[in-house]
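Visitor: There's a structure below that I have some questions on.
The values are calculated or read from the model by the stated rules, or taken from the named source; none is laboratory data. Predicted model, so just to flag it, every value in this text is computed and none were measured. Neighbour counts are summed over all protein chains in view; Cβ atoms, including those assigned to glycine, are modelled from backbone coordinates with ideal geometry.
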Amino acid sequence: MLALADSSLLKDAPYINGEWVRPADADLLPVTNPATGAELVSLAQAGREHAVAAIEAADAALPAWSALPGKERSKRLRDWYDLIVANVDDLARILTAEQGKPLPEARGEILYGAAFFEWYAEEAKRVYGETIPAPSPDQRLLVLRQPIGVCAAITPWNFPMAMIPRKAAPALAAGCTMVLKPASATPLSALALAELAGRAGIPPGVFSVVPGRASVVGDELVANPIVRKVTFTGSTEVGRMLMAKAADTIKKVSLELGGNAPVLVFDDADIDVAVQGAVASKFRNMGQTCVCANRIYAQAGIYDEFVERFSKAVSALTVGDGFDEGVEQGPLIDEAAVQKTEEHLSDAVAQGATVVAGGSRHALGGTFFQPTVVSGATPSMLVAHEETFGPLAPVFRFETEEEAIKLANDTEYGLASYFFTRDNARIWRVGEALEFGIVGVNTGIFSYEGAPFGGVKASGIGREGSHHGIDEFLEIKYLCVAGISA
Ligand code: NAP
């Protein structure tokens, strides 16, 4: 049993219309700790009827929630934020137990996610409209921004907590209601958030959580005509399917999908900063983030020095159970993730790459893998085209700025990119030329609730965070009032 200060945060059933629903004949799913294989809870999964009930409850709750003054919705969101912060230690333990990331990283994820409730609690008060100069003295033209309605959210396992506030906070701030399906591997953080939503006074039906089979619960959320908006974070493959399905009922969609992030290290970079940034970007969450560096390009003049210093830093990373002191790298989420990393590694080696750090499964067994660096990577390798989503860093060589930009953009994805240089003019040239939604310059970390996060091309549609994030949950209504002249 997971030791928590408040054991009532560990839940094992769907949260629908403000109640925990655990039928006797529930479809059970063991939720396990990837570091040990130990069962954390036997989860009662939601079925299609539960998804429908949650959607209908969201629909019933919508008029009262959207009619509340923004200032009142703001207060509830702020209370939710305060409760998350007050319970950060328990929430981090739940997250590490179900997902594997080291405890300090889990804590960081909880606080990062919570900050979206704080931010959008403020934005709830600022959903402004517009007036437009009319073409006739007899008219007044106005624009109202109104909540889109019932929203469905579907989230992945790699950020079991933070992906939820990025959606729920702007949606609820805008006056929408939401039904969430978390990833089956990591439903417990979502359920703990639901418990805190109830304590914060979020009314029944406004935020429900229905963990369950993707083909059943996920399907209902996207197909049900009551749902007006689907907000999804996950793979491009699934996002594409959901977008097609949402077309049947013309739902608005926001998609945060896969990435294939390049890191460019120019000859004029501060190598220490570049090494630090590349490690931070590549090895966060054991390489299992959508913004993780997937391809590292170093310019010829500093290539050897960069590879040497980078591989030294990577070899020094401590691998272990995320609950152990000093651990920086936990296990991968499952065996399939290990196999994909192995497949990309063996393909790179077969095509001539050299292993300069790590290179195999970790002695700890299970799904632990050594943080790995290969040099001599080339564009024909799998690692150049596919998201590895594991702790494998390939280093490619380039000669010119023009070549680096071309290589970086040579992907169907367009989420995050990074480059390191001390040349101010180059910062502008390269920053503007990279075809990505996010560009980190001289840093491997950029996420912040006040900045827009999202991708272009096959990495998605829409933005989360910042004042732009709330637009995803609002419709624009144009009011033309005539007959003003006496
Ligand atoms: P995934 O397989 O696409 O799953 C994501 C979510 O979709 C899960 O809740 C999953 O449910 C659900 N799902 C799967 N098939 C579905 C279907 N047919 N209908 C409805 N729902 C369905 O992705 P993942 O492996 O969990 O996450 C990793 C991917 O997410 C990577 O590609 C990563 O780059 C991307 N990601 C993107 C961002 C971003 O902000 N752009 C952030 C984080 C992750 P089950 O768990 O029940 O299968």
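Visitor: Test residue 278 against the criterion of being farther than 21 Å from residue 157 by Cα, hydrophobic (A, V, I, L, M, F, W, C) and at pLDDT 95 or above, and give yes or no.
Guide: Judged against the criteria, residue 278 is a match.
Visitor: Next question. Could you list, in sequence order, the residues of region 244-274 that are without any contact (Cβ under 8 Å) to a residue 60 or more places away in the chain and either in contact with a Lys or Arg (Cβ under 7 Å, 6 or more places away or on another chain) or more than 11 Å from the ligand (Cβ to nearest atom) (or both)?
Guide: 247, 248, 249, 250, 251, 267, 271, 272
Visitor: Within the bounds of region 389-410, is there any residue that is over 24 Å from residue 276 (Cα atoms), within 16 Å of the ligand (Cβ to nearest atom) and not hydrophobic (A, V, I, L, M, F, W, C)?
Guide: Looking through region 389-410, none of the residues is over 24 Å from residue 276 (Cα atoms), within 16 Å of the ligand (Cβ to nearest atom) and not hydrophobic (A, V, I, L, M, F, W, C).
Visitor: Taking region 414-428, which residues are farther than 22 Å from residue 275 by Cβ and surrounded by fewer than 15 Cβ atoms within 10 Å (Cβ to Cβ)?
Guide: 425, 428
Visitor: Here's a follow-up. Just the residues that are aromatic (Phe, Trp, Tyr) and either in a helix (DSSP H, G or I) or more than 17 Å from residue 106 (Cβ to Cβ) (or both), please, taken from region 300-323.
Guide: Residues satisfying the conditions are 303, 306, 310.
Visitor: Examine region 190-198 for a residue that is within 16 Å of the ligand (Cβ to nearest atom), in contact (Cβ under 8 Å) with a residue 12 or more places away in the chain, under 15 Å from the mean Cα position of the chain (by Cα) and more than 25 Å from residue 127 (Cβ to Cβ), and state whether such a residue exists.
Guide: yes
Visitor: Keeping to region 222-243, report how many residues are surrounded by fewer than 19 Cβ atoms within 10 Å (Cβ to Cβ), within 12 Å of the ligand (Cβ to nearest atom) and part of a loop (DSSP other than H, G, I, E, B).
Guide: So the count comes out to 1.
Visitor: Can I ask one more? Tell me which of these residue 289 doesn't satisfy, since it passes every other one: (1) in a loop (DSSP other than H, G, I, E, B); (2) among the polar types (S, T, N, Q); (3) in contact with an Asp or Glu (Cβ under 6 Å, 6 or more places away or on another chain).
Guide: If we test residue 289 against (1) in a loop (DSSP other than H, G, I, E, B); (2) among the polar types (S, T, N, Q); (3) in contact with an Asp or Glu (Cβ under 6 Å, 6 or more places away or on another chain), just (3) comes out false.
Visitor: Within region 329-337, is even one residue at pLDDT 95 or above and in a strand (DSSP E or B)?
Guide: Checked against the condition, which is being at pLDDT 95 or above and in a strand (DSSP E or B), region 329-337 yields at least one hit.
Visitor: Can you say whether residue 149 is away from the ligand (no atom under 16 Å from the Cβ) and either modelled with pLDDT under 95 or at positive phi (or both), as far as the supplied structure shows?
Guide: Answer is yes for this residue.
Visitor: Can you name the strands (runs of 3 or more DSSP E) wholly within region 71-171 that have at least 2 residues being free of Cβ contacts under 8 Å to residues at least 60 places away in the same chain?
Guide: Ranges flagged: 130-132.
Visitor: All but one of (1) surrounded by fewer than 20 Cβ atoms within 10 Å (Cβ to Cβ); (2) over 23 Å from residue 207 (Cα atoms); (3) in contact (Cβ under 8 Å) with a residue 24 or more places away in the chain hold for residue 30; state the number of the condition that does not hold.
Guide: For residue 30, the exception is condition (3).
Visitor: Moving on. Scan region 377-396 and tell me whether some residue there is over 22 Å from residue 415 (Cα atoms) and surrounded by fewer than 22 Cβ atoms within 10 Å (Cβ to Cβ).
Guide: No: zero hits.
Visitor: Report the residue count in region 378-388 for those that are in contact with a strand residue (DSSP E or B) (Cβ under 9 Å, 6 or more places away or on another chain) and either among the aromatic types (Phe, Trp, Tyr) or away from the ligand (no atom under 16 Å from the Cβ) (or both).
Guide: Looking only at that region, the number is 4.
Visitor: Restricting to helices (runs of 4 or more DSSP H) lying wholly in region 360-467: which have 2 or more residues that are under 23 Å from the mean Cα position of the chain (by Cα) and not β-branched (Val, Ile, Thr)?
Guide: Filter on region 360-467 gives 382-385, 401-409.
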